[in-house]
Structure formats: structure tokens, C-alpha cells
Amino acid sequence: MPINVTVWNEGRHEKNDTEIGKVYPDGLHGAIKKLLETDGDFLITTTTLDDPCSGLPDELLEKTNVLIWWGHMSHEDVPMELALKVQNRVLRGMGFIALHSAHMSRPFRLLMGTSCTLKWRDGCRERLWVTDPSHPIAKGLPETFELKTEEMYGEFFDIPKPESVVFTGWFNTGNVFRSGCCWTRGAGRVFYFQPGHETNPTFKLPEVGLILKNAVHWAYRVNILPSIDCEQVTSPLEG
Ligand code: ZN
């Protein structure tokens with residue numbers, strides 16, 4: 001059985017800014033798909049906010065095993081109803097991978113339950129360190145690698161305590177950041193990955209491709225529950 005991976009991209013920077021369009025002529029979603037498609041286990045669908053049903057009609061969401069999400073300037077244009085459907089499917093077992101500025105996306109904030117705010121400054125140099133080397137998402141990676149230009153995201157990052165911090169970013173501004181974090185939510189798994197600002201060719205780096213492929217395999221759950229409706233249970237002590 002293939003793993004159905006859906007790459008959801010806001011997709012507006014690439015259309016509205018010619019410089020960003022040059023970095024990602026096929027959109028961020030196209031570049032992410034290219035990184036993933038070397039893995040024969042994946043059946044990849046790409047979609048964007050301006051596609052019908054904000055890119056995620058029920059039929060697509062209901063067949064998705066792992067959803068990858070990149071958003072930045074239009075978080076509020078994602079209907080809350082859709083964000084709640086994504087949250088519900090994660091609680092039932094879908095994997096969710098939030099990239100870069102998706103830390104402020106509605107689905108991610110619903111899943112975290114905190115503000116997810118952080119410090120930021122564009123145009124920095126980043127060194128990413130593997131800080132959980134035995135974790136499946138770190139498989140095959142060097143101890144550290146450099147991103148020549150990336151947006152600095154700095155602590156404090158207002159997230160619930162992660163189950164693992166697989167990557168920690170250091171920036172030439174002196175800031176540090178929990179750049180790769182894992183959580184379990186209900187039956188589902190969530191991974192957040194910090195690199196991936198729209199003006200940088202981060203989604204062309206082989207190390208990033210390996211991280212995303214590892215993250216899809218880690219987030220994939222064999223079973224997705226049909227519903228999480230709770231039934232009232234009578235106490236065995238009653239009656
Ligand atoms: Zn950014």
C-alpha cells in the first residue's frame with residue numbers, strides 16, 4: 001500500500017513576487033514534491049489554497065495519510081471549519097508536518113493549543129544540529145549541516161514541550177531554536193520543521209529532502225480511525 005502524501009501550499013508568494021517565482025518556478029509544493037518523489041513508497045498529491053475547497057476537499061483529506069503544510073501570509077484565509085477537519089483527522093491517525101511559517105497556521109495552532117509565537121529575523125546563516133541522533137527522522141543525516149541563508153527563528157518558541165527535539169538550529173545572530181520537534185496528538189503524529197523561508201532554496205537541499213522523507217515515514221500510521229465520537233459509558237459500579 002502506498003503512503004498517500006498531500007503537500008498543501010498556500011501558493012501565493014510564488015505568484016505575487018517574481019523573485020520568489022524564480023526560486024520556486026513550480027511553487028514550493030512542486031519543489032517539495034520533487035524532494036519526496038524519489039521515495040517509491042509515496043503517492044504524492046500537491047494542492048494550494050486557491051484550489052477548490054481551499055485546496056482540501058473532503059475526498060482528498062479523507063484519503064491523505066500524511067499532510068504536509070506550508071503557509072505564511074494567508075493563514076486567516078484557511079476556513080476554521082477546514083482547520084478543524086484537519087485537526088480531527090490528525091487525532092484519528094493522519095500524520096501532519098508543518099513547515100517553517102506554518103507554525104502560525106490554524107491547523108498547527110489547533111493541534112498545539114498554545115500561541116506558537118517566536119522571534120524572527122530574515123537573512124541569517126543557520127547551522128542545524130541533530131539533537132536526537134537515534135530518532136527515525138535523523139536517519140542518514142550528518143551530525144550537522146549548514147543553511148547558507150535562512151530566516152532566523154528564535155526562542156522562546158511558545159509550543160507545548162515536544163516529545164523529541166530532533167534538530168536544534170543555531171544562527172549567526174546568536175539565537176537558537178528547536179527546529180525539528182515531534183508530538184503525538186490522539187492517534188496521530190505531528191512534526192514541525194523550521195527551515196523553508198520562501199526566498200531561500202531550502203527545498204532543493206538533499207539533507208532537507210531526507211528529513212522530509214524520514215518525517216513522512218515516521219508520521220505515517222497504518223490505521224486511521226473512522227471517527228473519534230465518544231460514547232457514554234455506564235460505570236460497572238452502577239445498577
Ligand atoms: Zn519565512
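The values are calculated or read from the model by the stated rules, or taken from the named source; none is laboratory data. This one's a predicted model, so the numbers in the text were calculated from it and none came from an experiment. Cβ sites come from the backbone with ideal geometry, for glycine too, and all protein chains shown count toward neighbours. Please note that ligands, DNA and RNA were not included when accessible areas were found on the heavy atoms of the full protein model with its side chains. Shrake-Rupley method; radii C 1.70, N 1.55, O 1.52, S 1.80 Å.
Out of ALA31, LEU128, TYR220, whose Cα points farthest toward the positive end of the dipole of the chain (charges: +1 Lys, Arg; -1 Asp, Glu; placed on Cβ)?
LEU128
Which order do peptides 177-184, 31-38 fall in by mean Cβ count within 10 Å, highest first?
Sorting 177-184, 31-38 by mean packing, highest first, produces 177-184, 31-38.
For region 97-104, just list the computed ³J(HN,Hα) in residue order, Karplus coefficients 6.51, -1.76 and 1.60, θ = phi - 60°, integers in Hz, with x standing in for Gly and Pro.
Computed from phi, the couplings for region 97-104 are 10, 9, 10, 6, 6, 5, 4, 9 Hz.
How large is the dipole of region 1-100 about the Cα centre if only Lys and Arg carry +1 and Asp and Glu carry -1, each at its Cβ, rounded to the nearest 20 debye?
Charge dipole, region 1-100, about its Cα centre: 240 debye, nearest 20.
Of all beta bridges DSSP finds with both residues in the chain, what is the antiparallel percent, to the nearest 5?
55
Is there a quick way to get the dipole size of region 146-190? I mean about its Cα centre, with the Cβ of Lys and Arg at +1 and of Asp and Glu at -1; what is the value in debye to the nearest 20?
That gives a dipole near 220 debye.
Which one, PRO142, ALA187, LEU111, is farthest towards the positive end of the dipole of region 78-194 when Lys and Arg carry +1 and Asp and Glu -1 on their Cβ?
Farthest towards the positive pole: ALA187.
How many percent of the accessible area of the chain is carbon or sulfur, using a 1.4 Å probe?
Whole-percent figure for carbon plus sulfur exposure: 53.
Report the residue, chosen from PRO136, PRO201, PRO52, that carries the largest GNM mean-square fluctuation when the chain is represented by alpha-carbon nodes joined by springs under 10 Å.
PRO52
Amide H neighbours of PHE145 under 5 Å, at least 5 residues apart or on other chains, H built in the peptide plane: list them.
LEU128
Compare SER164, SER101, SER134 in a GNM of the chain, Cα atoms joined below 10 Å, and give the one with the largest fluctuation.
Comparing SER164, SER101, SER134 in the GNM, the peak value goes to SER134.
Taking the dipole about the Cα centre of the chain, with the C-beta of Lys and Arg at +1 and of Asp and Glu at -1, give me whichever of ASN16, PRO52, PHE157 is farthest to the positive side.
Result: PHE157, furthest along the dipole toward the positive end.
List every residue whose amide H lies under 5 Å from the amide H of CYS116, counting only residues 5 or more places away in sequence or on a different chain, with H placed 1.01 Å from N in the peptide plane.
Amide H neighbours of CYS116: ASP158.
How many Å² of accessible area per residue for region 199-239, probe 1.4 Å?
69
Which residues does a label at PHE156 reach in region 100-119, if reach means a backbone N under 15 Å from a point 7 Å past the Cα toward the Cβ?
114-119
Diagonalise the Cα gyration tensor of the chain and give the resulting equivalent ellipsoid semi-axes, square root of 5 times each eigenvalue, largest first, whole Å.
Sorted largest first and rounded, they come to 29, 21, 18 Å.
Using the Cα centre as the reference, give the magnitude of the dipole from point charges on the C-beta atoms of the chain (Lys, Arg: +1; Asp, Glu: -1; all else neutral), rounded to the nearest 20 debye.
460
What ranking, highest mean first, results for peptides 189-199, 15-25, 142-152 when packing means the other Cβ atoms within 10 Å averaged over each residue?
Highest to lowest by the protection proxy: 189-199, 142-152, 15-25.
Beyond 26 Å between alpha-carbons counts as too far, so tell me which of LYS15/LYS204; LYS22/LYS161; LYS63/LYS148 fall in that bin.
Pairs exceeding the cut-off: LYS22/LYS161; LYS63/LYS148.
With every protein chain left in place, what is the accessible area per residue of region 31-157 in square angstrom, probe 1.4 Å?
Ligands and nucleic acids excluded, the figure is 44 Å² per residue.
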